[in-house]
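Some notes on the structure that comes next.
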Amino acid sequence: MEEREDQIIDQSTKVFMRLGIRSVNMDDIAQHLRISKKTLYQFVKDKNDLVKRVVQHTCEQHRTSINAICERGLNAVDEQFEISRFISSQAGQMHPSIHFDLQKYHAEAWDLLHDTEKGDIYRCLTQNMTKGIKEGLYRADLNIPVVAKIYIARFDVSFDGELFPQTEYNFQDVIWELFRYHIRGIASEKGLKYLEKKVKKERTQA
């Protein structure tokens with residue numbers, strides 16, 4: 001039963017990511033999953049419940065993937081880059097209306113996403129900055145809690161469809177610039193030299 005439930009949430013996530021949330025109803029979900037609506041309602045109460053479960057599932061997947069990156073033993077700059085690249089790839093797979101749909105039509109799911117992701121990003125950033133200071137790549141005088149909150153505020157802005165409309169901006173480019181802006185602000189002289197090498201390498205490979 002639990003495995004079946006996980007499959008339904010996982011497949012529903014893919015449908016929402018591809019088509020958006022508002023444009024998809026429970027009949028559509030059942031059709032895409034090739035199950036009856038009656039079967040679907042055995043696992044979720046309604047669309048609100050499904051959306052909330054999808055958000056929870058997505059947050060857990062992101063946390064697992066980011067933790068895996070942190071366990072690879074990379075230095076702080078490379079670790080932050082890989083996390084930024086992962087976030088960029090995930091956001092690139094989302095339907096453009098996802099954030100708007102959540103905010104306007106599924107407030108509880110939006111609050112869950114916002115609070116969970118914000119908490120995960122804050123934890124990840126503080127650990128990364130502590131690591132970078134120990135490695136000599138980041139400045140020793142960083143006020144870690146303040147910098148983490150500033151980064152989160154900037155990160156939220158990068159999803160603003162009015163500020164960065166998809167018709168004009170590539171989301172991967174926005175995240176890349178955010179990454180460089182962040183590292184330049186916190187790096188030591190050693191870290192800046194390493195960042196310059198990394199930028200040249202990434203541009204050569206692009």
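Values in this text are rule-based calculations from the coordinates and carry no lab data. Just so we're clear, the structure is a prediction, and the values are computed from it rather than from any experiment. Here the Cβ positions follow ideal geometry from the backbone for every residue, glycine too, while neighbour counts run over all protein chains shown.
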**OP:** Find the Rg to Rh ratio for the stretch 125-206, where Rh is the Kirkwood radius over alpha-carbon pairs and Rg uses the same atoms.
**Re:** 1.02
**OP:** Please work out the C-alpha center-to-center distance from the stretch 18-72 to the stretch 163-206 and express it in whole Å.
**Re:** 32
Original post:
Going down the table (Lys52/Lys104; Lys45/Lys104; Lys149/Lys198; Lys131/Lys193; Lys14/Lys149; Lys14/Lys37), which pairs top 23 Å between alpha carbons?
Top reply: Lys149/Lys198; Lys14/Lys149
Original post:
Where in the stretch 4-88 are there GluC sites (Glu not before Pro) that are in a DSSP coil and have at most 15 other Cβ atoms within 10 angstrom of their Cβ?
Top reply: Glu71
**OP:** Taking the Cβ of Lys118 as the centre, find all other residues whose Cβ is under 12 Å away and add up their charges (Lys, Arg: +1; Asp, Glu: -1).
**Re:** -3
**OP:** Using a 10 Å cut-off on Cβ atoms, rank the peptides 187-194, 165-172 from the highest mean neighbour count down.
**Re:** 187-194, 165-172
**OP:** Could you work out the local net charge near Asn48, counting Lys and Arg as +1, Asp and Glu as -1, over the other residues with Cβ closer than 15 Å to its Cβ?
**Re:** +1
Subject >> Pairwise Cα inverse-distance average, inverted: Kirkwood Rh of the stretch 41-151 (Å) >> reply: 15.6
Original post:
Mind checking the dipole of the chain: about its Cα centre, +1 per Lys or Arg Cβ, -1 per Asp or Glu Cβ, Debye to the nearest 20?
Top reply: 540
Subject >> Stokes-Einstein D (µm²/s) once Rh is taken as the Kirkwood radius of the chain over alpha-carbon pairs, at 10 °C in 1.306 mPa s >> reply: 85
Original post:
If you put +1 on each Lys and Arg Cβ and -1 on each Asp and Glu Cβ, how big is the dipole of the stretch 1-61 around its Cα centre, in Debye rounded to 20?
Top reply: 280
**OP:** Identify the chymotrypsin sites (Phe, Trp or Tyr not before Pro) of the stretch 28-91 meeting these criteria: DSSP loop state and at most 16 other C-beta atoms within 10 Å of the C-beta.
**Re:** Tyr41
Original post:
For the chain, what relative contact order do you get, as a whole percent, if you take Cα pairs closer than 8 Å and at least 6 residues apart?
Top reply: 23
Original post:
Taking only DSSP H segments of four or more residues, each worth -39500 (n - 2.57), what value at 222 nm results for the chain once the sum is divided by all its residues, to the nearest 500 deg cm²/dmol?
Top reply: -25000 deg cm²/dmol
Subject >> Net charge of Cβ neighbours under 14 Å - reference Val174; Lys, Arg +1; Asp, Glu -1 >> reply: -3
